[in-house]
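Q: Here it is: the structure, laid out below.
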Amino acid sequence: MIFIGIGGNLAGGDGAAPVETCRRAAARLDAIPGLRLRALSRWYLTDPMPPSGQPPYVNAVAVLWVERPGSEPEPGGLLATLQAIEALAGRVRAERNAARTLDLDIIAMADGGQMVRDAPDPILPHPRAHLRAFVLAPLLDVAPAWVHPVLGLTAGALLRALPEQGIRVLDGGG
């Protein structure tokens, strides 16, 4: 099982609204060879973190299922695939935390999302996932029992421990 964070707050390269760009990205995730889109959270509208004056983000979490057990993708290769999908959506990597057309992050992966990896990139679980309501709230939609493999806390407990971060449901689902 692989959990992918989907987000964006700028119009796509073709002028599509951020939510449309993110929906297209979810469809592209389902086209990655050997993986299938198993679930998609509701879409959320979230304030930028850290606060920056940028437009709000659209966020969701997708669950990808490995079609053949034992054929899990290598994390670095999956990250490269996600970055190629971002580029198709017009993503330009400028500065950290800059506004973007599309952001795809590997939140967690392996059996139950329990892989721990300190290096090389990507670090797993995502090193800031536990600090971000825009990751935890949609993660609860698709994996309510997920436990952070390093911290030993559920996504719900982590979310309850956070200060208000300006997150609200955008629509009823993916």
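Q: Counting other Cβ atoms within 10 Å of each Cβ, which GluC sites (Glu not before Pro) in the stretch 37-146 have at most 12 and sit in a DSSP loop?
A: Glu67, Glu95
Q: As a check on your grasp of the helix formula, calculate [θ] at 222 nm for the chain: sum -39500 (n - 2.57) over DSSP H runs of n ≥ 4, divide by the residue count, round to the nearest 500.
A: Values: 4 runs with 42 residues, N = 174.
Helix contribution divided over all residues of the chain: -7000 deg cm²/dmol.
Q: Give the peptides 9-21, 99-111 in descending order of average Cβ contacts within 10 Å, highest first.
A: Ranking the peptides 9-21, 99-111 by packing returns 99-111, 9-21.
Q: Can I ask one more? In whole angstrom, note down how far apart the Cα centers of the stretch 106-161 and the stretch 43-104 are.
A: The stretch 106-161 and the stretch 43-104 have Cα centres spaced 15 Å from each other.
Q: Would you work out which of Ile6, Val19, Pro120 lies farthest towards the positive end of the dipole of the chain? Charges go on Cβ: Lys and Arg +1, Asp and Glu -1.
A: Most positive-ward Cα: Val19.
Q: Let me ask something else about it. Go through (i) 12.3; (ii) 16.0; (iii) 9.3 and flag the label whose value is the computed mean projected area of the Cα convex hull in nm² for this structure.
A: Looking at mean projected area of the Cα convex hull in nm² for this model, the match is (iii).
Q: If R0 is 25 Å, what FRET efficiency do you get for Gln83 and Leu162 from their C-beta distance, rounded to 0.05?
A: 0.35
Q: For the chain, give the magnitude of the charge dipole about the Cα centre (Cβ charges: +1 Lys/Arg, -1 Asp/Glu; no others), in debye to the nearest 20.
A: 140
Q: Within the stretch 92-111, find all residues whose amide N lies under 14 Å from a label point positioned 7 Å from the Cα of Glu20 along Cα-to-beta-carbon.
A: The answer is none, because no backbone nitrogen lies closer than 14 Å to the label point.
We did not get these values from a lab; they are worked out from the coordinates using the rules stated. The structure displayed is predicted, hence computed values, not measured ones. FYI the Cβ positions are ideal-geometry reconstructions off the backbone, even for glycines, and counts take in every protein chain you see.
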